[in-house]
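The values are calculated or read from the model by the stated rules, or taken from the named source; none is laboratory data. Keep in mind it's a predicted model, so treat the numbers as computed, not measured. So basically every Cβ, Gly included, is an ideal-geometry build from the backbone, and we count neighbours across all protein chains shown. When the accessible area is computed, the model is the full protein with side chains, heavy atoms only, and any ligands, DNA or RNA have been set aside. Shrake-Rupley method; radii C 1.70, N 1.55, O 1.52, S 1.80 Å.
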Amino acid sequence: MTQDFVKNRVLLTLVILLIATGSGLAFLSHAPNRLVSGQGISLFSLLNGLGALLLLPVLLLLFSFFTPSRRNTLVVMLLAEVLLFGMTALAGHTAVTLTGGDEESLARTSLGGGFWACAALSLLIASDAISRFTLNHTWRILLNLQVIVPIVLLIGSGQLSELSLLKEYDNRSDVFNDALWQHLGILFGTLVPAVLLGLPLGMVCHRSARWQMPILSVLNIIQTVPSIALFGLLLAPLAGLAKAMPWLAEHGISGIGLAPAIIALVLYSLLPLVRSVIAGLDSVSSGVIESARGMGMNRMQVFYKVQMPIALPVILSGVRIVAVQTVGMAVVAALIGAGGLGAIMFQGLLSSALDLVLLGVIPVVLMAVIVDGIFKFLVSMLETSRR
């Protein structure tokens with residue numbers, strides 16, 4: 001039993017935290033309108049009738065802690081999924097009950113800290129179980145995706161439409177959609193030039209020790225500059241260029257807006273990308289290169305047919321880091337007029353509207369998770385094809 005205890009201490013810790021946050025933090029917050037502070041509603045006050053069934057997966061999770069096995073990890077994942085679905089459905093049902101089903105009601109029912117903490121812990125429990133169940137990246141991604149499918153179905157069915165977060169989206173759907181596309185534009189607008197610059201720089205650093213030190217030193221210095229400071233440093237020179245060359249301003253290049261954001265994010269992306277290229281090319285053993293040359297390959301053929309295919313998983317891992325980093329840092333770019341989901345978030349902060357803040361933050365988190373999952377899947381596919 002002691003050995004079993006050690007094996008599942010992560011699950012026990014997460015379940016204890018889930019019980020503590022569920023009982024100590026407000027699960028929902030209800031206010032008569034958007035301008036008035038809401039009154040907290042505890043989870044325990046909602047555990048009556050069908051709501052009491054939420055206790056069942058929690059109790060089963062506690063028992064699962066004492067019986068560790070590969071099959072049991074799948075049960076733990078399903079229990080966490082059921083718990084997440086049940087809490088979300090309970091929140092939506094409570095919101096409908098409090099508004100009396102009146103779609104024109106000004107009353108606001110917001111998700112409280114208790115809900116977000118319990119939802120996050122449920123996802124962590126499911127993710128930990130999935131990581132123990134299989135080592136295959138593809139299966140991990142698929143199993144993690146199916147955990148949130150019931151939540152997506154709840155949203156699509158309209159059962160959560162009375163929650164203030166969904167009401168906020170309905171009121172600002174056009175603004176949100178535009179911001180989402182702007183954020184994606186910043187992401188791809190950063191990745192393409194970053195890869196086009198980072199790959200050659202990485203190859204130069206790999207082939208020439210004389211150039212590696214100065215290039216990495218410059219990129220390290222850029223990485224240490226705070227993002228807001230770098231945006232500010234780019235403001236004056238870009239504004240000067242736009243004034244000296246009006247055609248640049250006509251194409252959207254100025255001291256504020258998208259141009260300085262893209263330039264700054266590309267500069268931040270170069271260090272991890274260049275390091276991944278160096279690490280990937282260094283991982284190719286000299287024996288493999290000599291064998292390729294012995295087969296009659298020239299230098300270019302060795303590079304494209306031998307070195308790059310072997311180094312590609314490591315390089316893609318670097319691109320993954322850059323992509324996830326860009327998704328997050330693009331939020332700050334909204335401060336200089338680049339748009340994106342950060343603009344919604346900062347607008348919510350300025351107006352003290354928590355739901356508006358969440359409307360900007362949640363998609364950014366989901367986007368980062370999705371981007372990370374896509375690149376992990378690509379890397380796993382490459383590694384599998386090489387075996």
Please give the FRET efficiency for Thr224 paired with Ile362, using the beta carbon to beta carbon distance and R0 = 35 Å, rounded to the nearest 0.05.
0.70
What distance in nm separates the simple spin-label points at Leu135 and Phe63, each placed 7 Å from Cα in the Cβ direction?
3.2
Quick one: with all protein chains in place, what share of the accessible area of the chain is carbon or sulfur, to the nearest percent (1.4 Å probe)?
70
Per the helix-only model, the chain has a calculated mean residue ellipticity at 222 nm (DSSP H runs of ≥4, -39500 (n - 2.57) each, divided over all residues, rounded to the nearest 500) of -25500 deg cm²/dmol
Dividing the surface of the Cα convex hull of segment 173-385 by four yields a projected area in nm² of 14.7
From the phi angles alone, apply the Karplus equation (6.51, -1.76, 1.60; θ = phi - 60°) to segment 202-212 and give each ³J(HN,Hα) in whole Hz, x where the residue is Gly or Pro.
x, 5, 5, 5, 5, 7, 10, 5, 5, 8, 4
What does the accessible area per residue of segment 9-163 come to in Å², with a 1.4 Å probe and no ligands, DNA or RNA counted?
52
Starting at the first residue of segment 72-79, write each ³J(HN,Hα) from the Karplus equation 6.51 cos²θ - 1.76 cosθ + 1.60 with θ = phi - 60°, in whole Hz, x for Gly and Pro.
5, 4, 5, 5, 4, 4, 5, 5
I'd like the projected area of the chain, averaged over all directions, using the convex hull of its alpha carbons. Report it in nm² with one decimal.
25.2
Rounded to the nearest 10 Å², what accessible area does His137 show when all protein chains are kept and the probe is 1.4 Å?
80
May I ask you to evaluate 6.51 cos²θ - 1.76 cosθ + 1.60, the Karplus curve with θ = phi - 60°, for each residue of segment 185-200 and list the ³J(HN,Hα) values in order in whole Hz, giving x for glycine and proline?
x, 5, 4, 6, x, 8, 5, 4, x, 5, 5, 5, 8, x, 4, x
Under 5 Å between amide H atoms, partner at least 5 residues away or on a different chain: which partners does Ile41 have, H built in plane at 1.01 Å?
Phe27, Leu28, Ser29, His30
What distance in nm lies between label points placed 7 Å from Cα along the C-beta direction at Trp181 and His93?
3.9
Burial order of peptide ranges 161-171, 295-305, 221-231 (average beta-carbon count within 10 Å, highest first)
161-171, 221-231, 295-305
Roll a 1.4 Å probe over the protein heavy atoms and report the accessible area of Phe133 in Å², nearest 10.
50
Over segment 173-385, with neighbouring protein chains present, the accessible area per residue in Å² at probe 1.4 Å is 50
